[in-house]
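Encoded as structure tokens, the structure appears first; notes follow it.
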Amino acid sequence: FLKYKATLAGIPVFEVDPKNTSIECSMCRHIDKKNRKTQSEFLCVNCGHAENADINASNNIASRGICQLPHCPLSC
């Protein structure tokens, strides 16, 4: 349904692998189970980045989608 509605609106939809998005740091990309302190708390053991865990995971998903663009502005 989401893909259908996005297509009608002219918005591209990219499927991304959600694996490890909840334990990956959206700043340094370090993946570690210890990064996810609680259900809502994210604290990277590598760089110290702290953020709401859901926001951190959604940033990871968004960056994975952006990296599928023909001219990715990120260094993926």
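Just a few scattered comments:
- Number of the exception - V45 against (1) at positive phi; (2) in contact with a helix residue (DSSP H, G or I) (Cβ under 7 Å, 6 or more places away or on another chain): (1)
- Number of the condition not met by E51 [criteria: (1) assigned to a loop (DSSP other than H, G, I, E, B); (2) surrounded by 13 or more Cβ atoms within 10 Å (Cβ to Cβ)]: (1)
- Residue among C72, C76, C67 that alone is open to solvent by 80 Å² or more (accessible area, probe 1.4 Å) and modelled with pLDDT under 95: C76
- The stretch 24-48, subset assigned to a loop (DSSP other than H, G, I, E, B) and within 29 Å of P70 (Cβ to Cβ), residue least open to solvent (accessible area, probe 1.4 Å): C25
- Residues satisfying the stated conditions in the stretch 1-43, i.e. at pLDDT below 95 and among the acidic types (D, E): E15, D17
The values are calculated or read from the model by the stated rules, or taken from the named source; none is laboratory data. On a predicted model such as this, the values are computed, not experimentally measured, just so you know. Neighbour counts are summed over all protein chains in view; Cβ atoms, including those assigned to glycine, are modelled from backbone coordinates with ideal geometry. Surface areas here come from the heavy atoms of the whole protein model, side chains and all, with no ligands, DNA or RNA. Shrake-Rupley method; radii C 1.70, N 1.55, O 1.52, S 1.80 Å.
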